[in-house]
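The values are calculated or read from the model by the stated rules, or taken from the named source; none is laboratory data. Note that this is a predicted model, so its numbers are computed, not measured. We place every Cβ from the backbone using ideal geometry, glycine too, and count neighbours over all the protein chains shown. Protein only, heavy atoms only, side chains kept; ligands, DNA and RNA dropped before computing areas. Shrake-Rupley method; radii C 1.70, N 1.55, O 1.52, S 1.80 Å.
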Amino acid sequence: MRPEPANGRWARNLGGAARRVAEVLRAHGPRTRADLVALAGLSRPTVSPALAHLASAGLTTEATQAGAARTRGRPASVVRLTRSAGLAVGVDIGRRHIRVAAADLGHEVLTDREVRLDEDAEDHPYEVLALAVDLVDTVLREVGTDRSEVVGVGLGVPAPIT
């Protein structure tokens, strides 16, 4: 059975080892198999079938590490979550700008947009938030999707820290 990718629900459908490996990839980004063994706290014989399960579900991909220093033996390959695992959106509302970025859970920024504001954001908060929502939708359209693939949003707003 293929795990369901929308909104990260696929993670609940994975077995324990596959779920743990996927969580490590989500939290730490692309990693080698050796890194996954160490970070997941699992044995290599447990990680390998977990990765095979994730790959067969289309949730991971593995490729030789670009720019890796040449040493003896095979170059290390790096495993990363694919776009079908979901997307994350970052929204930065500054005093005079709004910036939105969309990234896959493999930690690759797919696109970003910035809008400069003519007036301070704090003077027109409702209009600025509406503009931020429109910009999120624009960014998602640019990568060929909608909000259904988004599994998380980070929001930064200007505010005093006391």
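Quick notes on this structure:
- Tally, over segment 72-120, of residues that are over 27 Å from Asp35 (Cα atoms) and of a type in the set (A, V, I, L, M, F, W, C): 7
- Residue within segment 16-26 that is open to solvent by 70 Å² or more (accessible area, probe 1.4 Å) and over 25 Å from Leu87 (Cβ atoms) present: no
- Residue within segment 109-128 that is within 30 Å of Val21 (Cα to Cα), part of a strand (DSSP E or B), among the aliphatic types (A, V, I, L, M) and under 14 Å from the mean Cα position of the chain (by Cα) present: yes
- Residue within segment 120-139 that is more than 20 Å from Arg31 (Cα to Cα), out of contact with any Lys or Arg (no Cβ under 6 Å at 6 or more places or on another chain), open to solvent by less than 60 Å² (accessible area, probe 1.4 Å) and polar (S, T, N, Q) present: yes
- Residues of segment 27-37 classified as over 13 Å from Ala76 (Cβ atoms) and either basic (Lys, Arg) or open to solvent by 40 Å² or more (accessible area, probe 1.4 Å) (or both), total: 2
- Lone qualifier among Ala103, Ala159 - being part of a loop (DSSP other than H, G, I, E, B) and of a type in the set (A, V, I, L, M): Ala159
- Considering only residues in segment 140-162 that are surrounded by fewer than 13 Cβ atoms within 10 Å (Cβ to Cβ) and hydroxyl-bearing (Ser, Thr, Tyr), the one that is farthest from the chain's Cα centre (by Cα) turns out to be Thr162.
- In segment 107-118, residue surrounded by the most Cβ atoms within 10 Å (Cβ to Cβ) [restricted to those that are closer than 28 Å to Gly58 by Cα and out of contact with any Gly (no Cβ under 7 Å at 6 or more places or on another chain)]: Leu110
- If you check Leu117, Leu110, Leu87 for being in contact with a helix residue (DSSP H, G or I) (Cβ under 6 Å, 6 or more places away or on another chain), touching a residue at least 12 places away in the same chain (Cβ under 8 Å) and of a type outside the set (Gly, Ala, Ser), only one passes: Leu87.
- Single residue of Val133, Val139 found to be touching a Ser or Thr at 6+ places or on another chain (Cβ under 7 Å), in a helix (DSSP H, G or I) and more than 19 Å from Glu23 (Cα to Cα): Val139
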